[in-house]
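Novice: Below you will find the structure I want to go over with you.
The values are calculated or read from the model by the stated rules, or taken from the named source; none is laboratory data. Predicted, not measured: the structure shown is a model, and the values here were computed from it. Note: ideal-geometry Cβ built from the backbone for every residue, glycine included; neighbour counts use all protein chains shown. These accessible areas exclude ligands, DNA and RNA; they are computed on the full protein's heavy atoms, side chains included. Shrake-Rupley method; radii C 1.70, N 1.55, O 1.52, S 1.80 Å.
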Amino acid sequence: MSSLSPAVRDSYTMLRRNLLHARRYPSLTLNVLLMPIVLLLLFVYVFGDVMSAGIDGGGAGRAEYIAYLVPGILLMTIGGAPVGTAVSVAMDMTEGIIARFRTMAIHRGSLLIGHVVGSVLRAVISVVLVGAVAVAVGFRSTDASALEWLAALGLLALVATAFTWIAVGTGLASPNVEAASNNALPLMILPFLSSAFVPVDAMPGWFQPVAEYQPFTPAIETLRGLLLGSAIGNEWWITICWCLGLGTLGYFWATSLFHRDPR
């Protein structure tokens, strides 16, 4: 405990710093929150009747399409959160605060842990707020059990953690804030190329592999099954493999960049 306590204390301090930083720059959080809400309202009230033609062979109505759409929107919220994390890490790098922390007697990994935990907390809070809007527009999850709700929350946290580590590495590798924002954009674009809006089978044949062989599609299908109380097949373990692989890659990438001696 004597060796663990300083690391926990320093990580908690960095987490508080990260949350205070997010309160000082609310635009980083609001942008992540507003986009999925706008997309939810747009696809429900503007494109809903048209997009529902690709659900259940064209026999689905607006209510069925809302049930199909919301899990994808929730994962899209998770996919947008790492952009703010990459920008925040890049700001620390360019403003010299990381170089100052290197000279202080603190646990070296605490700064990264603060960024990751803070980002995951903000992502989960954003998901809850987007979910509240989804309920307001008609989403219902009456067939899901309490255990499935708990599994859905764990899935969202796992996906957020994996992509946050990738975002931290992106921020550390970027030379400036603008580059960090641009380099993290693929994490936001991937959900648009998944089964978030229409099933993979309804897409053109040449595009189906792009939507199928990526991390967001199995995650969306797993979350959709959990929230609607339907079967999830083998999508859950594919999602876990994606998250563990991306999270491990992001962790070692970020820590290697962080511990590298500055030039």
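Novice: Consider the stretch 1-23. How many of its residues are at pLDDT below 75 and either of a type in the set (Asp, Glu) or open to solvent by 50 Å² or more (accessible area, probe 1.4 Å) (or both)?
Specialist: 4
Novice: Out of the helices (runs of 4 or more DSSP H) lying entirely within the stretch 134-222, which hold 3 or more residues that are in contact (Cβ under 8 Å) with a residue 60 or more places away in the chain?
Specialist: Counting at least 3 such residues, we get 146-173, 177-183, 185-189.
Novice: Can you tell me which of (1) buried (at least 21 other Cβ atoms within 10 Å of the Cβ); (2) at pLDDT below 70 is the one GLY72 doesn't meet?
Specialist: Single failed check for GLY72: (2).
Novice: Take the residues in the stretch 205-245 that are open to solvent by 70 Å² or more (accessible area, probe 1.4 Å) and of a type outside the set (A, V, I, L, M, F, W, C), then tell me which one is farthest from ALA144 (Cα to Cα).
Specialist: The qualifying residue farthest from ALA144 (Cα to Cα) is TYR213.
Novice: If a residue has to be over 14 Å from THR77 (Cα atoms) and open to solvent by 60 Å² or more (accessible area, probe 1.4 Å) to count, how many in the stretch 177-204 make the cut?
Specialist: 5
Novice: Which ones in the stretch 98-117 are part of a helix (DSSP H, G or I) and either modelled with pLDDT of 90 or more or farther than 19 Å from THR164 by Cβ (or both)?
Specialist: ALA99, ARG100, PHE101, ARG102, VAL116, VAL117
Novice: Right, something else. Within the stretch 108-156, can you find the residues that are closer than 27 Å to ARG23 by Cα and surrounded by fewer than 16 Cβ atoms within 10 Å (Cβ to Cβ)?
Specialist: ARG108, ILE125, VAL128, LEU129, ALA132, VAL135, ALA136, LEU153, GLY154
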